[in-house]
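Reading through the structure tokens given below for one structure.
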Amino acid sequence: MIALCFMIGFLFFQWGHKIGPPFSIPKALWLIESGSQVLVPLNAESSRFVGRRGLSQEALHVYLREHGGWTYRENMGSMMIYERDGKTLMVESRFSRGYWWYNVKQ
């Protein structure tokens, strides 16, 4: 019950740490847990994402292909590598607390 009250406070009153537009971490996790999103951007530049276990990697491939023309090339450990016009984009991924956290490095 207490956890539910805190979650409502995070969602409606924006308590907690705000990463930046468009979503704070609690709002992003709420969207994932409610089933309305698989992958959620954590900042306006779309350089940080959080995603659902299992499905978010494919959603990230689709997002980068549709919003920048990046083509997935390969995984190198925790880094996913994308290419476009001879340029390389690297995305660092890590799994923590039941979610995938992605950081796009240009």
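What ranking of Tyr99, Tyr72 comes out by heavy-atom accessible area, probe 1.4 Å, highest first?
Highest to lowest solvent-accessible surface, that is Tyr72, Tyr99.
Sequence-ordered 3J(HN,Hα) estimates for segment 61-72 from the Karplus curve with 6.51, -1.76 and 1.60 and θ = phi - 60° stand at 4, 5, 4, 5, 5, 6, 10, x, x, 7, 10, 5 Hz, glycine and proline given as x. With a simple spin-label model that places each label point 7 Å from the Cα along the Cα-to-Cβ direction, the separation between Arg65 and Arg97 comes to 3.1 nm. Between Lys87 and Glu58, the modelled label-to-label distance comes to 2.8 nm, taking each label 7 Å out from Cα in the direction of the beta carbon. Per-residue 3J(HN,Hα) values for segment 98-106, derived from phi via the Karplus relation 6.51 cos²θ - 1.76 cosθ + 1.60 with θ = phi - 60°, read x, 9, 8, 10, 10, 10, 7, 10, 9 Hz in sequence order (x marks Gly and Pro). Each of Lys27, Lys87 has its accessible area taken with a 1.4 Å probe; listed largest first, they run Lys87, Lys27. For segment 20-92, place one equal point scatterer on every Cα, skip the solvent, and apply the Debye formula. What is log10 of I(q)/I(0) at q = 0.19, 0.20 Å⁻¹? Log10 of I(q)/I(0), two decimals: -0.80, -0.87.
Within segment 40-106, which GluC sites (Glu not before Pro) sit in a loop by DSSP and count at most 15 neighbouring Cβ atoms inside 10 Å?
The qualifying sites are Glu45.
The values are calculated or read from the model by the stated rules, or taken from the named source; none is laboratory data. Just so it is clear, the structure is predicted and the values come from calculations on it, not from any experiment. All Cβ positions, even for glycine, are placed from backbone atoms using ideal geometry, and neighbour counts span all protein chains on display. The accessibility values were calculated without ligands, DNA or RNA, using every heavy atom of the protein model including side chains. Shrake-Rupley method; radii C 1.70, N 1.55, O 1.52, S 1.80 Å.
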